[in-house]
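Novice: Supplied in structure tokens, the structure appears directly below.
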Amino acid sequence: QVQLVESGGGLVQPGGSLRLSCAASGISFSISTMAWYRQAPGKQRELVATITTNSNTNYADSVKGRFTITRDNAKNTVYLQMNSLKPEDTAVYSCKAVWYNLWGQGTQVIVSS
């Protein structure tokens, strides 16, 4: 089955950390740039981070220095390590296999005290 499945979201206090995972199946994961997006209530979807097939990365200015995107081609999985979380990071986070234009269902992250 062709799909992306995110996990790792939840409720965390400001300053805390979360690690999101996105597991791919049914695609040749290693040939695709992977991306994390997020969408907060009432806001447009925002590109958070990308990682190319040779692990070059890019980040939105709002998360630089706090978030890290990595990939494990052996596990067909891309990760988003989120540190120093802020309330404004609250959103539904979704991953995308760019080559395939394939989206996951999203995972909710809530940063609140």
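Novice: Of all the accessible heavy-atom surface of region 37-92, with the other protein chains kept in place and a 1.4 Å probe, what percent is carbon and sulfur?
Specialist: 44 percent
Novice: Shifting gears a bit: Measuring from the lowest to the highest alpha carbon on each principal axis, how far does region 1-93 reach, largest first, in angstroms?
Specialist: If we take the Cα atoms of region 1-93, the spans are 36, 26, 24 Å.
Novice: Let me ask something additional. For a protection proxy built on the mean count of beta-carbon atoms within 10 angstrom, sort 105-111, 38-44 highest first, please.
Specialist: Taking the mean over residues of other Cβ atoms within 10 Å, the ranking is 105-111, 38-44.
Novice: Can you tell me which aspartates and glutamates have their Cα less than 19 Å from the Cα of Lys86? Leave out same-chain residues fewer than eight positions away.
Specialist: Here the aspartates and glutamates satisfying the reach criterion relative to Lys86 are Glu46, Asp61.
Novice: Any chance you could run the full-extension gain for Asn101 through Lys86? It's 0.36 nm times the residue separation minus the Cα-Cα distance, nm to one decimal.
Specialist: 2.5 nm
Novice: In percent, what relative contact order does the chain have, based on Cα pairs under 8 Å that are 6 or more apart in sequence?
Specialist: Relative contact order of the chain: 37 percent.
Novice: Leaving out ligands and nucleic acids, note down the accessible area per residue over the chain with a 1.4 angstrom probe, in whole Å². Kindly include the intermediate steps, with their values, before the conclusion.
Specialist: Working: 5900 Å² over 113 residues.
Result: 52 Å² per residue.
Novice: Taking the DSSP beta bridges in the chain as the whole, what percent of them are antiparallel, to the nearest 5?
Specialist: Rounded to the nearest five, the antiparallel share is 90 percent.
Novice: Would you mind computing, in nm to one decimal, how far apart the modelled labels at Leu47 and Gln108 are, each placed 7 Å from Cα along Cα→Cβ?
Specialist: With each label point 7 Å from Cα toward Cβ, the separation is 2.8 nm.
The values are calculated or read from the model by the stated rules, or taken from the named source; none is laboratory data. Remember, it's a predicted structure, so these values are computed and weren't measured experimentally. Please note: Cβ atoms are built from the backbone with ideal geometry, for glycine as well, and neighbour counts cover all protein chains shown. Remember, those area values only see protein heavy atoms, side chains included, never the ligands or the DNA or RNA. Shrake-Rupley method; radii C 1.70, N 1.55, O 1.52, S 1.80 Å.
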